[in-house]
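Asker: Below you'll find the structure I mean.
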């Protein structure tokens, strides 16, 4: 039988997380932010003498407050900025607007290479690290519930139900690139058109005896699968060859210019999953296409040639 050890960090309250997930999307932080945070936790555990490996990560959203404002008759929303100090002349200093959000999430970390005797030490060290000045998706951690480790047997429905009760109510973010692939395979849409087709809101009006009634809906509610579909940033596409760049941050590592990878995701209730693997993400490097991305764990499991690691 196959088992997974899942470290649950429940109900992280994060203040001022980075909501600018890609150059053209604002909303839930990018998956690269969450996998990057768990990678940082693994490295700090290793530095503290705990030999553990985090092989996959899941994110459960409980609440999110995007810091934007739209008036009654406004067409677009505005970013709520921070109040920066005045300069020596009494004027506002120049600044770049940053999209921020306050959110509550739970993180699922798949652990490998640990014994039962190490579990208490890992939970204590994780609590210590989260209480320090570590950042999460660019935001400050205000509070969290005590971490717990669960041992889940694959395809064991009782184990899964016992675990999902710990993360309810909430929504697990999963990958839905299959929707874009299907739309593009029909020869009707390119990637951007397929993405917009699933998230665009259409307005229409009807004449009634009381006047005009306006309604809004997504196209996906009529001829596409139902679900809470959103655009998400999942990685980077290298657009230059690996090499050295002047004044690069790490002179020992090869550098390349890159652009964001954006695809479709879905927020899904935990009780709708049949396997814990369906909730998890991992890193993947596709050297042929020059992709450095976060993908669903079950997608990688179906492709033995995929290369992924922390």
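Asker: For the chain, modelled as a GNM with alpha-carbon contacts under 10 angstrom, which of 228, 34, 281 fluctuates the most?
Answerer: Sorting by GNM fluctuation, first place goes to 228.
Asker: Now a separate question. Can you give the Rg/Rh ratio of the range 1-152, where Rg is from the C-alpha atoms and Rh is the Kirkwood radius? Numbers along the way, then the final one.
Answerer: Working: Rg = 18.7 Å, Rh = 17.4 Å.
Ratio of gyration radius to Kirkwood radius: 1.08.
Asker: How are the alpha carbon pair distances in the range 176-264 distributed across 10 Å bins from zero to the largest one, expressed in percent?
Answerer: P(r) for the range 176-264, in whole percents per bin: 14, 30, 21, 19, 11, 4, 2, 0.
Asker: Among 95, 28, 267, which comes first, second and so on when ranked by fewest other beta-carbon atoms within 10 Å?
Answerer: 95, 267, 28
Asker: Taking only the Cα atoms of the chain, how large is their convex hull per residue, in Å³?
Answerer: Convex hull of Cα atoms, per residue: 207 Å³.
Just so you know, all these numbers are worked out from the coordinates, no wet-lab data involved. All values reported here derive from a predicted model rather than from experimental measurement. Glycine gets a Cβ as well: all are built from the backbone with ideal geometry, and neighbour counts include every protein chain shown.
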